[in-house]
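The block underneath contains the structure these notes are about, expressed in structure tokens.
Read the figures in this text as sums done on the coordinates, not as results from a lab. Source: prediction; values computed, not measured. Positions of Cβ are generated from backbone atoms using ideal geometry, with glycine treated the same way; all protein chains shown enter the neighbour counts.
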Amino acid sequence: MEQHILPIELNLRQQSRVLEILFEDGARFRLPCEYLRVYSPSAEVRGHSPATARLQVGKEGVNIRDLEPIGRYAVKIHFDDGHNSGLYDWAYLYKLGRAWQPLWYDYLRRLKEAGYERRGPDPFDELRARGEAPSELPAATTTTTHETR
């Protein structure tokens, strides 16, 4: 289902280092640049299997330099640290938006296990401090059925 949901708005907020995406189903995600960078879909980051994935460290201040549309299915993100090898298709961005909390906490756990401590404020805490929700999902539609006798 998610692979068919298209974005209708991409808003890069470089000052706050956030990419805001509004999808046609009404879902709105505010994704920090650091989060997008550490979850890059590139083989350089993900590896060719979970065992070969590379933990991304030192990405606290990373920003997005440019967004390059790739057809109607993806965007190539050019980060200011030179990374630009991953294509973020719409389904992947939607997944990152829906699952931001478990993914982010998993990343923080892996950093800790590797002995690395993040520097600076948590980007999701910064969003919430500004009164912005990282994820706004549309209200689920419910169908009521009535039995007749």
For this session: Please give the helix 100-113 orientation as an angle from the longest Cα principal axis of the chain, in degrees from 0 to 90, rounded to the nearest 10.
Result: 30 degrees
For this session: Report, in whole Å, the centroid distance computed from the Cα atoms of region 16-47 and region 68-91.
Result: 10 Å
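For region 73-128, what is the convex hull volume of the alpha-carbon atoms per residue, in Å³? Don't skip to the answer; put the middle values down first.
Details: hull volume 6.6 nm³, N = 56.
Cα-based convex hull of region 73-128, divided per residue, equals 118 Å³.
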For this session: With 10 Å bins from zero, work out the P(r) of the chain over every alpha carbon pair and list the percent per bin.
Result: 10, 39, 34, 10, 4, 2, 0
Exercise. What nm distance separates the two modelled labels at Leu67 and Arg119, each placed 7 Å from Cα along Cα→Cβ?
Worked result: 2.9 nm
